[in-house]
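> Dropping the structure in here first, questions after.
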Amino acid sequence: MKIRGRITLEIAMKTIEDCQVAISSLLPDERELPQGLTSIIKCIDDKLTYELTYHVDNEKLLSVYNTIDDFIRNLKIIMESLNELRR
């Protein structure tokens, strides 16, 4: 059975520049997503928007969760680094 869906995350960034730096850092990991997954990352004002669209077999649903987890972990590291640079 195939499962289809879309998950959208909106993360407030301190500045539009931080948002753009985050996107530049995150894009390499988004190039080789598992089959059936596509993502879009964009800045709207000072918000980073991540949209993950999926159409996967039931057995592959874990790859959706893992992709979101990877994104959040990587973004957390980027945000911590940006905060450290401000000190």
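The values are calculated or read from the model by the stated rules, or taken from the named source; none is laboratory data. A quick note: this is a predicted structure, and the numbers were derived from the prediction, not measured. Positions of Cβ are generated from backbone atoms using ideal geometry, with glycine treated the same way; all protein chains shown enter the neighbour counts.
> Take segment 32-52 and flag every residue that is β-branched (Val, Ile, Thr) and either farther than 17 Å from ARG73 by Cβ or over 12 Å from the mean Cα position of the chain (by Cα) (or both).
THR38, ILE40, ILE44, THR49
> I've got another one for you. Under the condition of being among the aliphatic types (A, V, I, L, M) and modelled with pLDDT of 95 or more, which residue from segment 46-61 is surrounded by the fewest Cβ atoms within 10 Å (Cβ to Cβ)?
Only one residue tops the list, namely VAL56.
> Spot the failing condition for ALA12; the list is (1) out of contact with any strand residue (DSSP E or B) (no Cβ under 9 Å at 6 or more places or on another chain); (2) exposed (fewer than 14 other Cβ atoms within 10 Å of the Cβ), and only one is missed.
ALA12 satisfies every listed condition except (1).
> Assess whether GLU17 counts as being buried (at least 17 other Cβ atoms within 10 Å of the Cβ) and within 18 Å of ILE77 (Cβ to Cβ).
Working: buried (at least 17 other Cβ atoms within 10 Å of the Cβ): no; within 18 Å of ILE77 (Cβ to Cβ): yes.
Taking the combined requirement at face value, the residue does not satisfy it.
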